[in-house]
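Trainee: A single structure is presented below for examination.
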Amino acid sequence: MKPVVKRGGGSLHERRERLSKLIPKIGPVTFARDRVLPVAAALEPLFPEAGLMRGSVIGCQGATAMSVALALVSAPSAAGSWLAVVGVPSLGLRAASEVGIALDRLVMVADQARDLGEEPWANVISALIDGFDVIVLRADVRAGIARRLQSRLQNRGAVLVLVGDPGPFSCDIVIDCRQGEWEGLGHGSGRLVRRRLTLSASGRRLPRERRIDVWLPGASGSIEPAVVAPAGAAAEQAPGIALAG
């Protein structure tokens, strides 16, 4: 099944009609699930329930916010959840697939939909909250609309992942990338093999900050826990990967 990609064509009424046709197919699957969606094993230590609690808002900040957001939603997508990515035109399907996102359960809403105006734009997001398990979004709405969307999110049991500044949204957990370092290049030669990131999580649902190290991407292209390599191990033994952007 080919990925469903919305490019922003048609009137507002036509777009809402397309979304409303998807919701009956997705809804029964969505609301029969448990209250916690899975995350990759490497990310489990960041969350109190070792997963994404339905109705929660997760913020991803820092230079690698988009990469972390995609890694975060890859496990629920692979497990059968529907994913909507809203207003992120830079996202490539190949990059999404490499981290484990199921393209046949991915819907992309083009950034041009913002031009409809704030209220219609909020209605589009509301429709996605009604029918999708996970929504990835760049926040750019007023405080009143953010509160309304967050209330709807809690009632419907979806998970909202915000990329960059969360704006007026109240995040349950914020994941921040402190630093990153690529491995694989020697003295002027070699290939980029993997990138080590230090991630920290804080927020109202965590009594204290949590911090982990991960490979993102790892040698396989997806996220992996970073462990201390045995003495003398050579990173160049892992296969190199090609990245765009």
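Trainee: In the stretch 61-77, what residues are part of a helix (DSSP H, G or I), under 17 Å from Ile212 (Cα atoms) and of a type in the set (Val, Ile, Thr)?
Mentor: Within the stretch 61-77, Val68 is the sole residue that qualifies.
Trainee: Continuing with the same structure: Out of all the residues in the stretch 96-121, which are modelled with pLDDT of 90 or more and over 16 Å from Val163 (Cβ atoms)?
Mentor: Ser97, Gly100, Ala102, Leu103, Asp104, Arg105, Val107
Trainee: For the structure I just gave you, tell me whether Ser200 is assigned by TED's automatic domain parsing to the domain that holds Asp111 and surrounded by fewer than 20 Cβ atoms within 10 Å (Cβ to Cβ).
Mentor: For Ser200, the condition - assigned by TED's automatic domain parsing to the domain that holds Asp111 and surrounded by fewer than 20 Cβ atoms within 10 Å (Cβ to Cβ) - is not met.
Trainee: When the stretch 100-145 is examined, which residues are found to be among the small types (Gly, Ala, Ser) and closer than 26 Å to Ser74 by Cβ?
Mentor: Gly100, Ala102, Ala110, Ala113, Ser126, Ala127, Gly131, Ala139 - these are the residues of the stretch 100-145 that are among the small types (Gly, Ala, Ser) and closer than 26 Å to Ser74 by Cβ.
Trainee: Would you confirm, using the coordinates I've provided, whether Arg114 is in contact with a strand residue (DSSP E or B) (Cβ under 6 Å, 6 or more places away or on another chain) and among the basic types (Lys, Arg)?
Mentor: No; evaluated as a whole, the condition is false for this residue.
Trainee: Additional query: Give the number of residues within the stretch 84-110 that are assigned to a strand (DSSP E or B) and at positive phi.
Mentor: 0
Trainee: Restricting attention to the stretch 202-224, report how many residues are out of contact with any strand residue (DSSP E or B) (no Cβ under 7 Å at 6 or more places or on another chain) and not polar (S, T, N, Q).
Mentor: The number of residues fulfilling the criteria is 4.
Trainee: Six or more apart or on different chains, Cβ atoms under 8 Å: show the pairs whose first residue is in the stretch 123-139 and not assigned by TED's automatic domain parsing to the domain that holds Cys60 and at pLDDT 95 or above and whose second is surrounded by 24 or more Cβ atoms within 10 Å (Cβ to Cβ) and part of a loop (DSSP other than H, G, I, E, B).
Mentor: Qualifying pairs under 8 Å: none.
Trainee: Which numbered condition in (1) at pLDDT below 90; (2) outside any helix (DSSP H, G or I) is the only one that Ile58 fails?
Mentor: That leaves (1) as the condition not met.
Trainee: So which strands (runs of 3 or more DSSP E) stay within the stretch 159-217 end to end and still have 2 or more residues that are under 16 Å from the mean Cα position of the chain (by Cα) and at pLDDT 90 or above?
Mentor: 159-163, 173-185, 190-202
Trainee: Need pairs with beta-carbon distance below 6 Å; first residue over 11 Å from Leu103 (Cα atoms) and within the stretch 73-88, second of a type in the set (Gly, Ala, Ser); sequence gap 6+ or separate chains.
Mentor: Ala75/Ala40
Trainee: For the list (1) in a helix (DSSP H, G or I); (2) surrounded by fewer than 21 Cβ atoms within 10 Å (Cβ to Cβ); (3) over 11 Å from the mean Cα position of the chain (by Cα), I need the number of the one condition that Gly80 fails.
Mentor: (1)
Trainee: Right, another one. Yes or no: the stretch 91-111 includes at least one residue that is without any contact (Cβ under 8 Å) to a residue 24 or more places away in the chain and surrounded by fewer than 16 Cβ atoms within 10 Å (Cβ to Cβ).
Mentor: Within the stretch 91-111, one or more residues are without any contact (Cβ under 8 Å) to a residue 24 or more places away in the chain and surrounded by fewer than 16 Cβ atoms within 10 Å (Cβ to Cβ).
Trainee: Can you pull out the residues in the stretch 79-101 that are touching a Gly at 6+ places or on another chain (Cβ under 6 Å) and under 23 Å from Asp130 (Cβ atoms)?
Mentor: Passing the criteria: none in range.
The values are calculated or read from the model by the stated rules, or taken from the named source; none is laboratory data. Owing to the predicted nature of the structure, the values given are computational and were not obtained by experimental measurement. Using ideal geometry, Cβ is built from the backbone for each residue, glycine included, and neighbour counts are taken over all protein chains shown.
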